[in-house]
Each structure stands twice: as structure tokens, then as C-alpha cells.
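The values are calculated or read from the model by the stated rules, or taken from the named source; none is laboratory data. The shown structure was predicted, so the numbers you read here are calculated from the model rather than taken from an experiment. FYI the Cβ positions are ideal-geometry reconstructions off the backbone, even for glycines, and counts take in every protein chain you see. Please note that ligands, DNA and RNA were not included when accessible areas were found on the heavy atoms of the full protein model with its side chains. Shrake-Rupley method; radii C 1.70, N 1.55, O 1.52, S 1.80 Å.
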Amino acid sequence: MARFELLNNVAHKDLRVATGFDPRFGDAIGMVPAYPSEYAELQREYPIFFRKDEAGEWMSVALLGFEQHENLFLRDGRWNAAYLPGAVAKGPFLIGFQEQQIDGEVQQAPVIHVDVDHPRVNRDDGEAVFLPQGGNSPYLDHIANVLRGIRDGAEFGTAMFAAFDGLGLIQPVQLAVELDARHRVDVRGLYGIDRDALAALEGAALERLHRAGYLEGAYLVLASLNNVRRLMAEKQRRLREQDAAAGNGGH
């Protein structure tokens, strides 16, 4: 269970965060949340889909594999992509809000929390969170930027998904993939942008999407689907490795 604490340079002065990649850090996952603020980077390497969260609200995800605990970007302690999704890059941190006096008014100010029970958190190895004299480390400054992107992307996404849904642009996707003669995967519960419905938009609806900045998001999601082929190729390569290893073990 996560145990979040408000991050501060007294209680957490010696905190370090392991930044490698490994299943023990929770990296063996088939998909992660994707935020519109990072679509431009994500769509170069990851397929982006929509799905409903536990509360029944729309969210977007970057697909990492074809099974629940399969991350085809994870290999030998490395994440094989030029861009790391914000949901992964944030590590054990999240952004929360705290009432603070700002210019004489009580406002909800963003603050950083850390999961002190996260497997990445320790006091011996990894990136220091604070400098010896108590200031933020470059790593923590980076995390703060990642969290700001997630916060802004989540707020933007809520409105964008509602606009897409209202125009009938979000439709189910049947991701059934034939990998070879013996292996087939079928990923359920995913949705995508209906290309034909998007192309058929005109007039005021198209103008609203464009002015709100949502039209670009729709096209980036569509462009990202080319990366399904990349995932298939990596999955096929790993299946061949498994078959070869099984064959060698049989001699």
C-alpha cells in the first residue's frame, strides 16, 4: 500500500530514489496513463488509446504491451524509448494541493507528495531528492516539471475527452493481433478516434475543436497507432527468443 507524505527537506533530507527500470519497481505493466501535454512526444513511440477509469471517466493510455504485466519497452534494466511517459518518469511522487495564503487570499497551492513505501525510495542508492544544504536537487526540479505537465495535461484532457465523446469521435477498438501461427493476442476495453467521424466534421464543430486545441490531439492519437506495428515486431522477436531458448534447453 502507498503511504504518501508531504515532501519536505527535514523529514526527507536523506531520501534517494532509484531511477533504473525493473519489474520490482512496478515497471512490468501493459499500459500507463497518457496526458495530452505529452502526446507530441508519446505518439512517436507509443500507441495511444482511450479507456474508462474505475469511476467510468475517460482517460488516455500509452500501450506498452499486449498483456496486463507485459512491458515490451522494458529489457535488461533499460527502457528502450527516447521518451519516458510522465506517469513513469514521476516515480514515487504525486502532486497534491494544500491551502496556503497567497497575496492575502487562501488558495489551493500545488505541493509534492512522496510515497515513502515505494520500492524506489531508499536512503542509500539513486538520485538524491535534496541537496546537503537542504535545497532542491536537479532531480527534484525535474520531477516538479514532470508533475506540472501531468497536472496541466489531466485538466486539459478532461475537457478534451468530453468534447470528443460529445461528437461521437471515441469508438471501441478491437485490437486482435496475429503474431504468428501459434500466438494471437486480443486486447479488450480500448477505444480510439473514429477517423471517418473526424473527417466528416465540419463548420462549427470543427472550429470548436480547432480553437480549443483538441483537433491536434485527435490527429496525434491517430498518428500514434502506427506504433502498434513496432510493439508487434518486439513481441514477435521475444517469442522467437523464447522458442530458441526452449529448443536449446531440450538438447
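Here are a few things to note about the model shown:
- Scope the stretch 110-139; condition without any contact (Cβ under 8 Å) to a residue 24 or more places away in the chain and open to solvent by less than 70 Å² (accessible area, probe 1.4 Å); matching residues: 131, 137
- Taking (1) out of contact with any Pro (no Cβ under 7 Å at 6 or more places or on another chain); (2) surrounded by fewer than 13 Cβ atoms within 10 Å (Cβ to Cβ); (3) touching a residue at least 40 places away in the same chain (Cβ under 8 Å) in turn, residue 24 satisfies each apart from (1).
- Strands (runs of 3 or more DSSP E) within the stretch 65-184 that include 3 or more residues closer than 26 Å to residue 218 by Cβ: 170-178
- Residue 186 vs. criteria surrounded by fewer than 19 Cβ atoms within 10 Å (Cβ to Cβ) and either touching a Pro at 6+ places or on another chain (Cβ under 7 Å) or modelled with pLDDT of 95 or more (or both): no
- Residues (within 16 Å of residue 144 (Cα to Cα) and open to solvent by 60 Å² or more (accessible area, probe 1.4 Å)) located in the stretch 9-19: 9, 16, 19
- Failed item, numbered, when residue 29 is tested on (1) open to solvent by less than 60 Å² (accessible area, probe 1.4 Å); (2) more than 13 Å from the chain's Cα centre (by Cα); (3) over 29 Å from residue 135 (Cβ atoms): (2)
- Residue that is farthest from the chain's Cα centre (by Cα), among those in the stretch 70-109 that are loosely packed, with under 12 Cβ neighbours inside 10 Å and in contact (Cβ under 8 Å) with a residue 24 or more places away in the chain: 98
- Looking across the stretch 201-245, the residues that are open to solvent by 70 Å² or more (accessible area, probe 1.4 Å), farther than 17 Å from residue 72 by Cβ and of a type outside the set (D, E, K, R) come down to 210, 219.
- Given (1) of a type outside the set (Gly, Ala, Ser); (2) under 29 Å from residue 69 (Cα atoms); (3) surrounded by 13 or more Cβ atoms within 10 Å (Cβ to Cβ), number of the condition residue 172 does not satisfy: (3)
- Screening 131, 140, 94, 72 for residues that are under 30 Å from residue 171 (Cβ atoms) and either modelled with pLDDT of 95 or more or among the aliphatic types (A, V, I, L, M) (or both) leaves exactly one candidate, 72.
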